[in-house]
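Peer 1: Let me give you the structure first, and then I'll get to my questions.
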Amino acid sequence: MALAILLGSGIAAFGQSSDESVIHDLINRERSRSRLAMLQWDDDLARVARNFSRQMARDGFFSHSDRQGRTVIQRASRVSWSKIGENLFMAAGMDDITSFAVRGWMKSSTHRRNLLDREWTDTGIGIYRTRDNQIFVTQVFVRR
């Protein structure tokens, strides 16, 4: 699922997990191929993304809106931005979600358009794995 709007397991609260880092690098590689600026990592956006991945897993939904109808706009209300977007990915039973998620996003026209939006400047990625190995990935993009 992709969204753009104008205007757990053991993952540390700050810094990137190794899978988050790999996804960040793979996305920047795709952006480089399209001659776009690299996205800078933002810990605040990663916290928003991690919290939402965990919330989807715990509450049993997969959507850009939570059960109360809140979107990334409300979830990132404490972060400064002039444009915000979000990509979601979910899979089960995989050891390596990183390239699978990025390939999946690149094969989807809406996700690809979001990943390759030239206006984005910063990103945060959050991954959450359940005990039964469902994996939720959220990526938040912003233009400052």
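Peer 1: If you plug each phi of the range 54-62 into the Karplus form 6.51 cos²θ - 1.76 cosθ + 1.60 with θ = phi - 60°, what whole-Hz ³J(HN,Hα) values come out, in order, with x for Gly and Pro?
Peer 2: 5, 4, 4, 5, 6, 8, x, 9, 9
Peer 1: Here's something else I'd like to know. Could you point to the label whose value was computed as semi-axes √(5λ) of the Cα gyration tensor in Å for the structure here, given (1) 27, 20, 12; (2) 23, 19, 13; (3) 21, 18, 14?
Peer 2: Here the calculated entry is (3).
Peer 1: Roughly how far apart, in whole Å, are the Cα centres of the range 44-68 and the range 69-85?
Peer 2: After rounding, the separation between the Cα centres reads 13 Å.
Peer 1: Which whole-number value in Å² is the accessible area per residue of the range 27-134, probe 1.4 Å?
Peer 2: Details: 5600 Å² over 108 residues.
Computed with neighbouring chains in place, this is 52 Å² per residue.
Peer 1: Follow-up question, since we're still on this one. Give the residue from Val137, Gln55, Ile84 lying farthest towards the positive end of the charge dipole for the chain; charges sit on Cβ (+1 for Lys and Arg, -1 for Asp and Glu) and the dipole is referred to the Cα centre.
Peer 2: Ile84
Peer 1: Quantify, in whole percent, the carbon and sulfur part of the accessible surface of the chain (1.4 Å probe; protein heavy atoms only). Don't skip to the end; give the middle numbers.
Peer 2: On the way: 3440 of 7260 Å².
Of the solvent-accessible surface of the chain, carbon and sulfur hold 47 percent.
Peer 1: Something else about it: Give a residue-ordered list of calculated ³J(HN,Hα) values for the range 70-82 (Karplus: 6.51 cos²θ - 1.76 cosθ + 1.60, θ = phi - 60°; whole Hz; x for Gly, Pro).
Peer 2: Once rounded to whole Hz, the list reads 6, 10, 4, 4, 6, 5, 9, 5, 8, 9, 7, 7, 10.
Peer 1: Only helical DSSP H runs with n ≥ 4 go in: add -39500 (n - 2.57) per run for the chain, normalise by residue count and round the 222 nm mean residue ellipticity to 500 deg cm²/dmol.
Peer 2: Values: 5 runs with 54 residues, N = 144.
Using -39500 (n - 2.57) per qualifying helix, the result is -11500 deg cm²/dmol.
Peer 1: Using per-residue counts of other Cβ atoms within 10 Å, averaged over each peptide, order 67-80, 99-112, 129-142 from highest down.
Peer 2: On the way: 67-80: 13.7, 99-112: 16.2, 129-142: 21.1.
Listed from highest to lowest mean packing, they are 129-142, 99-112, 67-80.
Peer 1: Moving to a separate point now. Evaluate the distance, in nm, between pseudo-label points positioned 7 Å from the Cα of Arg58 and of Asp96 along their respective Cα→Cβ axes.
Peer 2: Simple spin-label model gives 3.1 nm for this pair.
The values are calculated or read from the model by the stated rules, or taken from the named source; none is laboratory data. What you see is a predicted model, and the numbers here were worked out from it, not measured in a lab. Note that each Cβ is placed from the backbone with ideal geometry, even for glycine, and that neighbours are counted across all protein chains shown. Protein only, heavy atoms only, side chains kept; ligands, DNA and RNA dropped before computing areas. Shrake-Rupley method; radii C 1.70, N 1.55, O 1.52, S 1.80 Å.
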